[in-house]
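Data block below; observations after.
The values are calculated or read from the model by the stated rules, or taken from the named source; none is laboratory data. Keep in mind it's a predicted model, so treat the numbers as computed, not measured. Here the Cβ positions follow ideal geometry from the backbone for every residue, glycine too, while neighbour counts run over all protein chains shown. Ligands, DNA and RNA are stripped out before the accessible areas are found, and what is left, the full protein with its side chains, is counted by its heavy atoms. Shrake-Rupley method; radii C 1.70, N 1.55, O 1.52, S 1.80 Å.
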Amino acid sequence: MLKFERLRIIENLLNENGSVSTSELSKMFDVTEETVRNDLVELQNANKIKRVRGGAFLIEPVDNEVPITIRTEMLQDEKNRIAQIALEYIHPGDTIAIDSSTTAISLAKLIKEAQLSVTVITNSIINGSILMDSKNVNLIILGGTLRGKSNSLVGNITNESIGKYVINKAFVSCSGLSMPAGPSDTNEQEAKIRESIFLSSEKNFLLADNTKFDFRTVYLISDFESIDCIITNQNVSKEWSNFLAEKKIELRY
């Protein structure tokens, strides 16, 4: 297939779906991923798309978060490592809340595999689909307005629903984590959901891979006073270690 034909097909797929995956395009066109990346570079140079690790997506004026279809393919080993550690804190009988992050998807899969008898509260359609046929899980999917970028439910109804539950442990991710502000998100509605989950929970776990540290986005989720434990995939800098120790926040990696 000629290059201009690939570019045309990629543009059509982006217009239909909003995002494309490098690996899926490589299989579709029967070319190397490097060839696909070069195609995406050309489209980005023409200001038609935004490239990220694992694919590309259409630039939207309001919501520029990387679509979840791409994010699920990014840093999979790191997310699985974080999820494995998080699972250690979940015990039979717990009522836990997990958000719509891709790290939470990894955690939901582990909860199902471990056959834990827990109540799971989530605003994630994907997490709901993972856990819906698990006999041991009492699944509560929060209502609200569907946000396609993350396959999550958001809005006033979602926030009000969270406050009606007593949550033992919350597992929430973020887009960035900075000193001294705290965890932040690229989307205002998602940030509000994560804040509400933390406010309703007895113990709060922040799930943040190493790329989130020293990075700040627009919408603040909470301050560090709301966080009991940060779980990441590798050791942090001495500055971060000292900072978290001063805040009396447990660090796991």
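Once the Cα atoms of region 170-241 are picked out, what are the Rg and Dmax in Å?
Gyration radius and largest Cα-Cα distance of region 170-241: 11.2, 33 Å.
Taking all protein chains in place and a 1.4 Å probe, what share, in percent, of the accessible surface of the chain do carbon and sulfur account for?
Ligands and nucleic acids excluded, carbon and sulfur reach 47 percent.
Just one of [x] 41, 25, 15; [y] 33, 21, 18; [z] 29, 20, 18 is semi-axes √(5λ) of the Cα gyration tensor in Å calculated from these coordinates, so which is it?
[y]
If R₀ is 51 angstrom, what is the calculated FRET efficiency for the pair residue 15 and residue 246, using the beta carbon separation as r and rounding to 0.05? Before the final figure, lay out each step's value.
On the way: r = 50 Å, r/R0 = 0.98.
Step by step, r from the Cβ atoms, then E = 0.55.
Take 35, 103 and sort them by solvent-accessible surface of the protein heavy atoms, 1.4 Å probe, largest at the top. Before the final figure, lay out the partial values.
Numbers: 35 45, 103 5 Å².
The ranking, largest first, comes out as 35, 103.
Roll a 1.4 Å probe over the protein chains and send me the accessible area per residue for the chain in Å².
Details: 12330 Å² over 253 residues.
For the chain, the solvent-accessible area averages 49 Å² per residue.
Given the Cα-Cα distance of residue 87 and residue 113 and 0.36 nm per residue of separation, how much length would full extension add, in nm? Please report the intermediate quantities before stating the final value.
Numbers: separation 26, 0.36 × 26 = 9.36 nm, distance 1.09 nm.
Taking residue 87 through residue 113 to full extension adds about 8.3 nm, to one decimal.
Once a ≥ b ≥ c are taken as the square roots of the eigenvalues of the Cα gyration tensor of region 142-185, is the result rounded (a/c under 1.5), prolate (a/b larger than b/c) or oblate (a/b not larger than b/c)? Numbers along the way, then the final one.
On the way: a/c = 2.40, a/b = 1.36, b/c = 1.77.
Oblate is the answer for region 142-185, as a/c is 1.5 or above yet b/c matches or exceeds a/b.
Can you give the direction-averaged projected area of the convex hull of the alpha-carbon atoms in region 112-253, in nm²? Working shown, then result.
Details: hull surface 33.9 nm².
Mean projected area of the Cα convex hull: 8.5 nm².
Beyond a 29 Å Cα-Cα separation, which of these cross-linked pairs lie in this structure: 192/238; 27/192; 192/212; 212/247; 79/247? Write down the numbers at each step before the final one.
Working: 192/238 31 Å; 27/192 38 Å; 192/212 19 Å; 212/247 19 Å; 79/247 25 Å.
Pairs exceeding the cut-off: 192/238; 27/192.
Looking at 181, 23, 92, which one has the Cα that reaches farthest to the positive end of the dipole of the chain (charges on Cβ: Lys, Arg +1; Asp, Glu -1)?
Of the options given, the answer is 92.
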